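Structure record follows, encoded as C-alpha coordinates.
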Amino acid sequence: MKHLLKLLDLSDKEILDILNLADQLKYEKKNNIDHQYLKGKTLGMIFQKSSTRTRVSFEVGMYQLGGSALFLSPRDLQIGRGEPIEDTARVLSRYLDGIMIRTFEQKEVEDLAQYGSIPIINGLTDFAHPCQVLADLMTIREIKGGFKGLKLCFIGDGNNMANSLIVGCLKVGMKVSIACPEAYCVCDEILEFAKDYPGFEMTTDVLKAAQGADVIYTDVWASMGQESEALERMKHFKGYQVNDEVMAVANKGAMVLHCLPAHREEEITAKVFEEHASEIFEEAENRLHAQKAVLVKLLKGEK
Ligand code: CP
Ligand code: NVA
(Lines give C-alpha, C1' and ligand atoms only; values in the text may rest on other atoms or scores of the structure.)
(Ligands and ions follow the chains in the order given, each with its own letter.)
Protein backbone atom coordinates (compact mmCIF):
# COMPACT_ATOMS: atom_id res chain seq x y z
CA MET A 1 0.00 0.00 0.00
CA LYS A 2 1.61 3.24 -1.22
CA HIS A 3 -1.27 5.70 -0.85
CA LEU A 4 -4.79 5.94 0.56
CA LEU A 5 -6.72 7.41 -2.36
CA LYS A 6 -9.91 5.31 -2.09
CA LEU A 7 -10.89 2.02 -0.46
CA LEU A 8 -11.37 0.41 -3.89
CA ASP A 9 -7.54 0.36 -4.14
CA LEU A 10 -7.06 -1.60 -0.90
CA SER A 11 -7.24 -5.37 -0.50
CA ASP A 12 -9.50 -6.83 2.21
CA LYS A 13 -6.35 -7.72 4.16
CA GLU A 14 -4.90 -4.21 3.90
CA ILE A 15 -8.10 -2.81 5.41
CA LEU A 16 -8.05 -5.33 8.27
CA ASP A 17 -4.32 -4.67 8.88
CA ILE A 18 -5.04 -0.94 9.28
CA LEU A 19 -7.91 -1.69 11.68
CA ASN A 20 -5.72 -4.01 13.77
CA LEU A 21 -2.96 -1.41 13.99
CA ALA A 22 -5.56 1.25 14.86
CA ASP A 23 -6.77 -0.90 17.78
CA GLN A 24 -3.17 -1.30 18.94
CA LEU A 25 -2.47 2.44 18.72
CA LYS A 26 -5.66 3.24 20.63
CA TYR A 27 -4.62 0.79 23.34
CA GLU A 28 -1.11 2.28 23.48
CA LYS A 29 -2.50 5.82 23.72
CA LYS A 30 -4.96 4.91 26.49
CA ASN A 31 -2.20 3.19 28.46
CA ASN A 32 0.44 5.88 27.94
CA ILE A 33 2.68 3.50 26.01
CA ASP A 34 5.21 5.43 23.93
CA HIS A 35 4.38 5.17 20.21
CA GLN A 36 6.52 7.77 18.50
CA TYR A 37 6.84 5.75 15.29
CA LEU A 38 7.13 8.80 13.02
CA LYS A 39 9.86 10.85 14.71
CA GLY A 40 11.19 13.51 12.37
CA LYS A 41 8.45 12.96 9.73
CA THR A 42 6.33 15.80 8.37
CA LEU A 43 2.83 15.61 6.89
CA GLY A 44 1.48 18.41 4.68
CA MET A 45 -2.29 18.94 4.90
CA ILE A 46 -4.05 20.69 2.00
CA PHE A 47 -7.66 21.70 2.69
CA GLN A 48 -9.82 23.02 -0.15
CA LYS A 49 -12.91 22.55 2.08
CA SER A 50 -13.67 23.14 5.77
CA SER A 51 -12.87 20.57 8.43
CA THR A 52 -12.98 20.05 12.18
CA ARG A 53 -12.34 16.33 12.69
CA THR A 54 -10.02 15.60 9.80
CA ARG A 55 -7.80 18.59 10.37
CA VAL A 56 -7.48 18.26 14.13
CA SER A 57 -7.14 14.47 14.21
CA PHE A 58 -4.41 14.41 11.54
CA GLU A 59 -2.48 17.22 13.20
CA VAL A 60 -2.76 15.73 16.69
CA GLY A 61 -2.10 12.24 15.30
CA MET A 62 1.20 13.30 13.74
CA TYR A 63 2.19 15.02 16.98
CA GLN A 64 1.40 11.92 19.07
CA LEU A 65 3.46 9.80 16.67
CA GLY A 66 6.47 12.09 17.19
CA GLY A 67 6.21 13.91 13.86
CA SER A 68 4.69 17.20 12.80
CA ALA A 69 1.98 18.44 10.46
CA LEU A 70 1.73 21.57 8.31
CA PHE A 71 -1.66 23.09 7.53
CA LEU A 72 -1.55 24.31 3.94
CA SER A 73 -4.39 26.57 2.88
CA PRO A 74 -4.95 26.82 -0.88
CA ARG A 75 -5.43 30.54 -0.31
CA ASP A 76 -1.76 30.77 0.62
CA LEU A 77 -0.36 28.07 -1.66
CA GLN A 78 0.38 28.87 -5.31
CA ILE A 79 -2.24 26.20 -6.23
CA GLY A 80 -4.77 28.94 -5.49
CA ARG A 81 -3.14 31.06 -8.21
CA GLY A 82 -3.10 28.25 -10.75
CA GLU A 83 0.21 26.42 -10.22
CA PRO A 84 -0.41 22.99 -11.73
CA ILE A 85 -0.90 20.01 -9.42
CA GLU A 86 1.92 18.13 -11.17
CA ASP A 87 4.44 20.85 -10.21
CA THR A 88 3.05 21.22 -6.69
CA ALA A 89 3.33 17.44 -6.24
CA ARG A 90 6.94 17.33 -7.37
CA VAL A 91 7.98 20.26 -5.18
CA LEU A 92 6.18 19.15 -2.01
CA SER A 93 7.58 15.61 -2.44
CA ARG A 94 11.03 17.08 -1.83
CA TYR A 95 10.10 18.66 1.52
CA LEU A 96 7.46 16.43 3.06
CA ASP A 97 7.08 12.75 3.95
CA GLY A 98 3.38 12.59 3.08
CA ILE A 99 0.41 14.73 2.01
CA MET A 100 -3.18 14.61 3.18
CA ILE A 101 -5.54 16.43 0.85
CA ARG A 102 -9.24 17.34 1.10
CA THR A 103 -10.65 18.62 -2.15
CA PHE A 104 -13.49 18.36 -4.66
CA GLU A 105 -12.43 16.14 -7.55
CA GLN A 106 -11.03 12.68 -6.97
CA LYS A 107 -8.77 13.29 -10.00
CA GLU A 108 -6.80 15.92 -8.09
CA VAL A 109 -5.92 13.38 -5.41
CA GLU A 110 -5.01 10.74 -8.00
CA ASP A 111 -2.86 13.32 -9.87
CA LEU A 112 -0.94 14.24 -6.71
CA ALA A 113 -0.13 10.55 -6.28
CA GLN A 114 0.83 10.17 -9.93
CA TYR A 115 3.20 13.13 -10.11
CA GLY A 116 4.56 13.16 -6.56
CA SER A 117 6.86 10.60 -4.98
CA ILE A 118 5.47 10.50 -1.41
CA PRO A 119 2.34 8.87 0.08
CA ILE A 120 -0.93 10.72 -0.57
CA ILE A 121 -3.94 10.40 1.74
CA ASN A 122 -7.47 11.33 0.66
CA GLY A 123 -9.03 13.41 3.45
CA LEU A 124 -12.37 13.58 1.54
CA THR A 125 -13.34 14.23 -2.06
CA ASP A 126 -16.78 14.38 -3.65
CA PHE A 127 -16.22 10.71 -4.52
CA ALA A 128 -14.77 9.17 -1.38
CA HIS A 129 -14.00 9.53 2.32
CA PRO A 130 -11.79 6.53 3.09
CA CYS A 131 -10.38 7.84 6.41
CA GLN A 132 -13.89 8.23 7.79
CA VAL A 133 -14.90 4.71 6.83
CA LEU A 134 -11.79 3.17 8.39
CA ALA A 135 -12.82 4.86 11.66
CA ASP A 136 -16.41 3.66 11.12
CA LEU A 137 -15.30 0.05 10.65
CA MET A 138 -13.08 0.31 13.70
CA THR A 139 -16.07 1.53 15.73
CA ILE A 140 -18.41 -1.17 14.44
CA ARG A 141 -15.91 -3.92 15.30
CA GLU A 142 -15.25 -2.38 18.72
CA ILE A 143 -18.95 -2.23 19.62
CA LYS A 144 -20.29 -5.33 17.83
CA GLY A 145 -17.22 -7.53 18.31
CA GLY A 146 -16.80 -8.38 14.61
CA PHE A 147 -18.25 -7.91 11.12
CA LYS A 148 -19.58 -11.31 10.10
CA GLY A 149 -23.29 -11.34 9.33
CA LEU A 150 -23.80 -7.67 10.20
CA LYS A 151 -25.85 -5.40 7.96
CA LEU A 152 -25.19 -1.68 7.59
CA CYS A 153 -27.94 0.53 6.23
CA PHE A 154 -27.00 3.95 4.84
CA ILE A 155 -29.79 6.50 4.43
CA GLY A 156 -29.10 9.63 2.38
CA ASP A 157 -27.10 10.94 -0.54
CA GLY A 158 -25.31 8.43 -2.76
CA ASN A 159 -22.04 10.33 -2.77
CA ASN A 160 -18.72 10.17 -0.88
CA MET A 161 -19.90 8.54 2.36
CA ALA A 162 -22.18 6.01 0.68
CA ASN A 163 -19.48 5.14 -1.86
CA SER A 164 -16.79 4.48 0.74
CA LEU A 165 -19.15 2.67 3.13
CA ILE A 166 -20.27 0.29 0.38
CA VAL A 167 -16.70 -0.62 -0.51
CA GLY A 168 -15.35 -0.79 3.04
CA CYS A 169 -18.24 -2.74 4.56
CA LEU A 170 -18.51 -5.25 1.71
CA LYS A 171 -14.74 -5.84 1.77
CA VAL A 172 -14.78 -6.73 5.48
CA GLY A 173 -17.71 -9.12 5.00
CA MET A 174 -20.73 -7.04 5.99
CA LYS A 175 -24.01 -6.65 4.11
CA VAL A 176 -24.95 -3.16 2.92
CA SER A 177 -28.27 -1.58 2.02
CA ILE A 178 -28.53 1.95 0.67
CA ALA A 179 -31.68 4.08 0.72
CA CYS A 180 -31.37 7.17 -1.45
CA PRO A 181 -33.68 9.26 -3.63
CA GLU A 182 -33.62 8.13 -7.27
CA ALA A 183 -31.87 11.28 -8.49
CA TYR A 184 -29.12 10.93 -5.88
CA CYS A 185 -28.17 7.29 -6.13
CA VAL A 186 -24.72 5.76 -6.08
CA CYS A 187 -22.48 6.12 -9.16
CA ASP A 188 -21.82 3.36 -11.72
CA GLU A 189 -18.22 2.73 -10.63
CA ILE A 190 -19.38 1.72 -7.15
CA LEU A 191 -22.39 -0.25 -8.42
CA GLU A 192 -20.04 -2.15 -10.72
CA PHE A 193 -17.93 -3.09 -7.67
CA ALA A 194 -20.94 -3.99 -5.52
CA LYS A 195 -22.68 -6.18 -8.09
CA ASP A 196 -20.48 -9.16 -7.19
CA TYR A 197 -21.62 -9.05 -3.56
CA PRO A 198 -24.98 -10.74 -2.86
CA GLY A 199 -25.26 -8.79 0.39
CA PHE A 200 -25.69 -5.45 -1.41
CA GLU A 201 -28.98 -3.72 -2.15
CA MET A 202 -30.03 -0.21 -3.14
CA THR A 203 -33.58 1.12 -2.89
CA THR A 204 -35.55 4.33 -2.56
CA ASP A 205 -37.50 2.78 0.35
CA VAL A 206 -35.99 3.81 3.70
CA LEU A 207 -37.85 1.27 5.84
CA LYS A 208 -37.07 -1.58 3.47
CA ALA A 209 -33.37 -0.71 3.63
CA ALA A 210 -33.37 -0.41 7.43
CA GLN A 211 -35.15 -3.74 7.97
CA GLY A 212 -32.92 -6.01 10.05
CA ALA A 213 -29.95 -3.62 10.03
CA ASP A 214 -27.35 -3.74 12.79
CA VAL A 215 -25.82 -0.37 11.96
CA ILE A 216 -27.80 2.64 10.74
CA TYR A 217 -25.71 5.38 9.11
CA THR A 218 -26.58 8.78 7.73
CA ASP A 219 -24.93 11.95 6.44
CA VAL A 220 -25.97 15.49 5.53
CA TRP A 221 -28.38 16.08 2.65
CA ALA A 222 -26.20 18.81 1.14
CA SER A 223 -22.46 18.18 1.19
CA MET A 224 -19.66 20.73 1.17
CA GLY A 225 -19.73 22.54 -2.15
CA GLN A 226 -23.49 21.93 -2.58
CA GLU A 227 -24.67 24.76 -0.33
CA SER A 228 -26.53 26.48 -3.17
CA GLU A 229 -28.58 23.28 -3.76
CA ALA A 230 -29.59 22.97 -0.10
CA LEU A 231 -33.24 24.08 -0.52
CA GLU A 232 -33.84 21.93 -3.58
CA ARG A 233 -32.21 18.94 -1.87
CA MET A 234 -34.39 19.39 1.20
CA LYS A 235 -37.43 18.62 -0.98
CA HIS A 236 -35.88 15.47 -2.47
CA PHE A 237 -34.45 14.14 0.80
CA LYS A 238 -37.52 14.73 2.98
CA GLY A 239 -38.23 11.36 4.59
CA TYR A 240 -34.63 10.16 4.26
CA GLN A 241 -34.26 10.57 7.99
CA VAL A 242 -33.00 8.35 10.81
CA ASN A 243 -35.84 8.47 13.34
CA ASP A 244 -37.80 6.20 15.70
CA GLU A 245 -39.66 4.58 12.79
CA VAL A 246 -36.39 3.56 11.19
CA MET A 247 -34.95 2.32 14.48
CA ALA A 248 -38.10 0.25 15.07
CA VAL A 249 -37.50 -1.88 11.96
CA ALA A 250 -33.74 -2.19 12.52
CA ASN A 251 -32.42 -5.07 14.62
CA LYS A 252 -32.73 -4.78 18.37
CA GLY A 253 -29.62 -3.07 19.74
CA ALA A 254 -28.76 -1.55 16.35
CA MET A 255 -26.12 1.14 16.57
CA VAL A 256 -26.25 4.53 14.84
CA LEU A 257 -23.28 6.23 13.22
CA HIS A 258 -22.89 9.67 11.63
CA CYS A 259 -19.69 11.04 10.12
CA LEU A 260 -20.61 14.53 11.41
CA PRO A 261 -21.32 17.40 11.21
CA ALA A 262 -25.00 16.51 11.81
CA HIS A 263 -28.13 18.52 10.99
CA ARG A 264 -30.70 17.61 13.61
CA GLU A 265 -34.27 17.11 12.36
CA GLU A 266 -32.98 16.84 8.79
CA GLU A 267 -31.10 13.56 8.21
CA ILE A 268 -31.44 12.49 11.87
CA THR A 269 -33.77 13.43 14.72
CA ALA A 270 -32.22 15.01 17.82
CA LYS A 271 -33.73 12.14 19.84
CA VAL A 272 -32.05 9.34 17.93
CA PHE A 273 -28.81 11.34 17.75
CA GLU A 274 -28.66 11.79 21.53
CA GLU A 275 -29.70 8.19 22.25
CA HIS A 276 -26.71 7.06 20.18
CA ALA A 277 -24.30 9.88 21.05
CA SER A 278 -21.84 7.54 22.76
CA GLU A 279 -21.44 5.55 19.51
CA ILE A 280 -21.27 8.64 17.32
CA PHE A 281 -18.58 10.34 19.42
CA GLU A 282 -16.57 7.12 19.80
CA GLU A 283 -16.66 7.05 16.00
CA ALA A 284 -15.35 10.63 15.92
CA GLU A 285 -12.58 9.73 18.38
CA ASN A 286 -11.63 6.73 16.26
CA ARG A 287 -10.77 9.06 13.36
CA LEU A 288 -7.62 9.81 15.36
CA HIS A 289 -6.62 6.20 15.96
CA ALA A 290 -7.50 4.94 12.47
CA GLN A 291 -5.61 7.78 10.78
CA LYS A 292 -2.58 7.24 12.98
CA ALA A 293 -2.59 3.64 11.72
CA VAL A 294 -2.74 4.89 8.11
CA LEU A 295 0.10 7.31 8.79
CA VAL A 296 2.28 4.62 10.36
CA LYS A 297 1.58 2.20 7.48
CA LEU A 298 2.33 4.79 4.80
CA LEU A 299 5.03 6.98 6.29
CA LYS A 300 6.99 4.36 8.18
CA GLY A 301 6.19 1.21 6.23
CA GLU A 302 5.17 -2.11 7.81
CA LYS A 303 5.53 -1.98 11.55
N1 CP B 1 -16.39 13.70 9.28
C2 CP B 1 -15.49 14.62 8.87
O3 CP B 1 -14.69 14.40 7.94
O4 CP B 1 -15.50 15.77 9.59
P5 CP B 1 -14.77 17.14 9.20
O6 CP B 1 -15.42 17.65 7.95
O7 CP B 1 -14.97 18.02 10.38
O8 CP B 1 -13.31 16.86 8.95
N1 NVA C 1 -20.93 14.21 2.59
C2 NVA C 1 -20.32 15.15 3.50
C3 NVA C 1 -19.38 14.45 4.41
C4 NVA C 1 -18.76 15.32 5.47
C5 NVA C 1 -17.78 14.59 6.33
C6 NVA C 1 -19.60 16.22 2.69
O7 NVA C 1 -18.95 15.89 1.69
O8 NVA C 1 -19.70 17.39 3.06
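Here are the numbers:
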quantity	calculated
Amide proton proximity set for L4, modelled H, under 5 Å, gap of 5+	I120, I121, N122
Förster radius 51 Å - calculated FRET efficiency between S228 and K39 (Cβ-Cβ, nearest 0.05)	0.65
Amide H contacts of M202 (H built 1.01 Å from N, under 5 Å, at least 5 apart or other chain)	I178
P(r) weight above 14 Å for the range 116-200, C-alpha pairs, percent	64
Charge dipole (the range 1-112, unit charges on Cβ, about Cα centre) - positive-most of T54, N32, F104	N32
Phi-based couplings in Hz for the range 209-226 (Karplus 6.51, -1.76, 1.60; Gly and Pro marked x)	5, 7, 3, x, 7, 9, 9, 10, 10, 9, 8, 4, 6, 10, 7, 4, x, 10
Of P119, P130, P261, the one that fluctuates the most in a GNM where the chain has Cα springs shorter than 10 Å	P261
Relative contact order [Cα under 8 Å, 6+ residues apart], the range 116-186, whole percent	33
Q211-N31 pseudo-label distance in nm [points 7 Å out on the Cα-to-Cβ vector]	4.5
Relative contact order [Cα under 8 Å, 6+ residues apart], the chain, whole percent	21
All lysines inside 18 Å of K297 as judged from Cα atoms, apart from same-chain residues fewer than 8 positions distant	K2, K6, K13, K26, K29, K39, K41
Rounded percent of accessible protein surface that carbon and sulfur make up, the chain, 1.4 Å probe	50
Relative packing of peptides 10-23, 133-146, 158-171 - highest average C-beta neighbours within 10 Å first	158-171, 133-146, 10-23
Solvent-accessible heavy-atom area per residue, rounded to whole Å², over the chain at 1.4 Å	43
Percent RCO, i.e. relative contact order, over the range 220-303, from Cα pairs under 8 Å lying at least 6 residues apart	27
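The values are calculated or read from the model by the stated rules, or taken from the named source; none is laboratory data. The shown structure was predicted, so the numbers you read here are calculated from the model rather than taken from an experiment. Note that we place each Cβ from the backbone using ideal geometry, even for glycine, and neighbour counts take in every protein chain shown. Just the protein is used for accessible areas: all its heavy atoms, side chains included, with ligands, DNA and RNA removed. Shrake-Rupley method; radii C 1.70, N 1.55, O 1.52, S 1.80 Å.
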